[in-house]
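Nothing in this text is a laboratory measurement; each read-out follows from the coordinates by a stated rule. Small disclaimer: the values here were computed from a predicted structure and weren't measured. Every residue, glycine as well, gets a Cβ built from its backbone with ideal geometry; the counts of neighbours run over all protein chains shown.
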């Protein structure tokens, strides 16, 4: 069971943490939301929780909880630039379908 980052995503997160001046890594999770049922949560971690599960990719620590890991196992977080758009891309092998707006998914 694991969550990984692409090298581009890790570089972007590391640069952001440096500019912030603090942070242990990022927290990746899921929440009930949207028209397909689940949405990703992504936030900086300044304090770890006792029940956190952690994964390391390219020097960046990814935190998650056990409930979210059931939906995120095998996911790679990438950072992509496409034309004028740039942002994180979730490559989640568990997704069965996504809503048309791209904000939520179903496993």
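(i) 53; (ii) 48; (iii) 59: which one is percent of Cα pairs over 17 Å apart as calculated from this entry? Calculated percent of Cα pairs over 17 Å apart: the matching label is (i). Using the Cβ-Cβ distance between residue 8 and residue 41 with R0 set to 30 Å, the FRET efficiency works out to roughly 0.90.
Remark: the residue 16-residue 66 segment gains 15.4 nm on full extension, using 0.36 nm per residue and subtracting the alpha carbon distance.
Between residue 50 and residue 85, residue separation times 0.36 nm minus the direct Cα-Cα distance comes to 8.9 nm. Ranking of 62, 95 by neighbouring Cβ atoms within 10 Å, starting from the fewest: 95, 62.
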